[in-house]
1. Test His376 against the stated conditions and say whether it is over 18 Å from Gly300 (Cα atoms), modelled with pLDDT of 95 or more and either of a type outside the set (S, T, N, Q) or open to solvent by 10 Å² or more (accessible area, probe 1.4 Å) (or both).
2. Please list, ordered by residue number, the helices (runs of 4 or more DSSP H) wholly in region 1-60 having 2 or more residues that are modelled with pLDDT of 95 or more.
3. Among the residues of region 466-480, write down those that are among the hydrophobic types (A, V, I, L, M, F, W, C) and within 13 Å of the ligand (Cβ to nearest atom).
4. Please go through region 436-454 and give me each residue that is in contact with a Gly (Cβ under 9 Å, 6 or more places away or on another chain), open to solvent by less than 10 Å² (accessible area, probe 1.4 Å) and of a type outside the set (A, V, I, L, M, F, W, C), ordered by number.
5. Which fully enclosed strands (runs of 3 or more DSSP E) of region 310-401 have 2 or more residues being of a type in the set (A, V, I, L, M)?
6. Considering region 61-85 alone, what residues qualify as being out of contact with any Phe, Trp or Tyr (no Cβ under 6 Å at 6 or more places or on another chain), in a loop (DSSP other than H, G, I, E, B) and within 26 Å of Asp38 (Cβ to Cβ)?
7. Would you check if Asn485 is open to solvent by less than 40 Å² (accessible area, probe 1.4 Å), touching a residue at least 24 places away in the same chain (Cβ under 8 Å) and in a loop (DSSP other than H, G, I, E, B)?
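The values are calculated or read from the model by the stated rules, or taken from the named source; none is laboratory data. All values reported here derive from a predicted model rather than from experimental measurement. When we count neighbours, we look across all protein chains shown, and the Cβ atoms used for this are built from the backbone with ideal geometry, even at glycine. Heads up: the accessible areas ignore ligands, DNA and RNA and are worked out on the full protein's heavy atoms, side chains in. Shrake-Rupley method; radii C 1.70, N 1.55, O 1.52, S 1.80 Å.
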Amino acid sequence: MSEKEIRGASEAEIAVLWGEEPYVYPSTEFIAQANMTDPGIYKRFSLENFPNCFKEYADLLDWYEYWHTTLDTSDAPCWKWFVGGKINASHNCVDRHLARHRNKTAIHFVPEPIEEKTEHVTYQELWVRVNEFAALLRDFAKLKKGDRVTLHMPMVPELPIAMLACARLGVIHSQVFGGFSGRACADRIVDSQSRVLITMDAYWRNGTLGDHKKNADIACELAARDGQKVDTVLVWQRYPGKASSPTPMVKGRDHYVNELLPDFYGARVEPEKMPAEDPLFLMYTSGTTGKPKGCQHSIGGYLAYVAGTSKIVLDIHPEDVYWCMADIGWITGHSYIVYGPLALGASTVVYEGVPTFPDAGRAWRISQDLGVNIFHTAPTAIRALRKLGPEEPAKYRYRYKLMVTVGEPIEPEVWRWYHAVVGKGEAAIVDTWWQTETGGFLCSTLPALKPMKPGSAGPGVPGIHPVIFDEEGNAIPGGTGRAGNICIRNPWPGGFQTIWGDRERYVRQYYARYCRNPQSKDWRDWPYMTGDAAVEAADGYFRILGRVDDVINVSGHRLGTKEIESAALTVPEVAEAAVVPVAHEIKGKEPDLYVSLKPGFSPSAELEERIGQAVVREIGKIAKPRKVWIVRDMPKTRSGKIMRRVLAAISNKKDVGDVTTLANPEVVEEIARMAG
Ligand code: WT7
């Protein structure tokens, strides 16, 4: 399906329906305390001052050796930032705060069960725990600089502790979202060549203490089958001293962390002085092909970028209590729960469970009890909380100064509820548009400098210069109402460095389309293509319309249609599979799965169920199709291409348009009768 077709069929219509929204202004009280109130920042970060403007962010960090070259483009488009610099992320997020903030909470851990007490991990305690675990990783697990290690951890403080311990050693961590399946974890172990897996036996989710250890066994077995042996599995216990998972430990391979830790009591590990451009972590994300891509993020550039944007966009001050409800297993959590807030010495909240457990008031009680004043979440959670308890927030005495929305476009209607009810009309809102690949924010207003506009992310953040290109590569000016492919003209320090082990794919997917000269070493010839469609208003605000590729955004997270289709094809009866996005009230989009069967098999409810379960098993619950439709045949072009656009129209109860040129127009009506 061509990009034009997708936009024409659905996303562009949203834009038309939305129209222009009036500005909403932040309060004078907010402006009076804000970190960034100098409009000169936009000038300082203009293209004339590129790339040296980013020194302002780098200077938020401690460097062992200061860098000599801001941006090295010699290996374009693999950009190197702050070359010559030596730095350690663990030192910057932990050690350097001890002098002034030793006794201050770094992480407020809120367990899901309401009867369990909140754990307040101070910077001192974080430092001790990171050091001891780093010693364990080095001396017991034999990890060293440059090794990759896969983490498959839930939302507990042991996750940031493990990440920071890796960072201390120069070990590259790759955290897999805890809700992903053992299979998904295995794929990432294999791709990153990890011989160590760090996990936890169990965690709470929606009132259930689920067995998580079993996923480690599946992951290790499947990874071994694909040629990657995991020799060491480090298992944290959710309740130290007690096994919460019935899955047995594998002798010689599995070790309880809390049984090993006493050997490292009091251990202190000198942070490695790492070259700024060495990798800090890999974060896998979905793309157009079945295989997830390991986005490789640097130490110096990434940390500078997330620290800088946490300061000026999230307005984090060291005395703030900041709560981002995302999962650390996604990029939002890496950048804006762990690295950004901790680099600034703030207190960051880690909540184990779902925001609506045990009731719609949970999020607001946590905010009230911990004194949260910056709140960060996604439209999908806002919609869910609004639906469950539209009047709830008013019952609690928390006070937010700033709120964040991220992950997918927010409907102006939902935005207004967020502002009026959750923010009590007082909190400023930033709608931050960015991606796993970009490490940090691309578009957002600066909260004290630009008014908000419901439904629009805003202009590029300082140092980010977006442009909308049409299919031919001509820039579409703002104010024309025409949508196109939103790209970024320039590199920035937070951008990923490459796809782990696949530079060719990195160049092809993100740069090839609008590259002016593949031989060029000039960054101006290499605009970064985000894969999103957008429109630019006359005021330079961008409204993001959605993906132009085969990616479905479910609850603010990317799922590749190919991944889901491949999962369906693991069921022996399935001949063909096609996934399309369906609008969903809370999740934004949901996958609908169409399959046709091999000859000799017939549809049944049992088979539908089994296909749905295959998707859950292969990827995780997040990818579970709304509905599995078993069809006699897929609508196809004469050349045999499945017409996903037609299926998407049916699933969304829209007009399928002209199908007379298809090879089999008659099946369209048949499918529409069934699924429409
Ligand atoms: C895709 C990236 C960024 C961290 C969370 C998701 C969509 C993201 C917004 C927003 C409209 C948004 C885009 C983007 N998206 N933020 N504020 N408004 N759309 O990271 O899983 O890499 O997904 O999410 O389509 O390309 P991700």
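1. Spelling it out, His376 is indeed over 18 Å from Gly300 (Cα atoms), modelled with pLDDT of 95 or more and either of a type outside the set (S, T, N, Q) or open to solvent by 10 Å² or more (accessible area, probe 1.4 Å) (or both).
2. 28-33, 40-44, 55-58
3. none
4. Within region 436-454, Glu437, Thr438, Gly439, Gly440, Ser444, Thr445 qualify.
5. So the answer is 347-351.
6. Residues satisfying the conditions are Leu61, Asp62, Trp63, Tyr66.
7. Here the answer is no, as Asn485 does not meet what is asked.
Yes or no, residue by residue, for (1) surrounded by fewer than 18 Cβ atoms within 10 Å (Cβ to Cβ); (2) under 25 Å from the mean Cα position of the chain (by Cα):
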position	(1), (2)
Phe50	no, no
Trp63	no, no
His68	yes, no
Lys80	no, yes
Lys86	no, no
Val94	no, yes
Ala99	yes, no
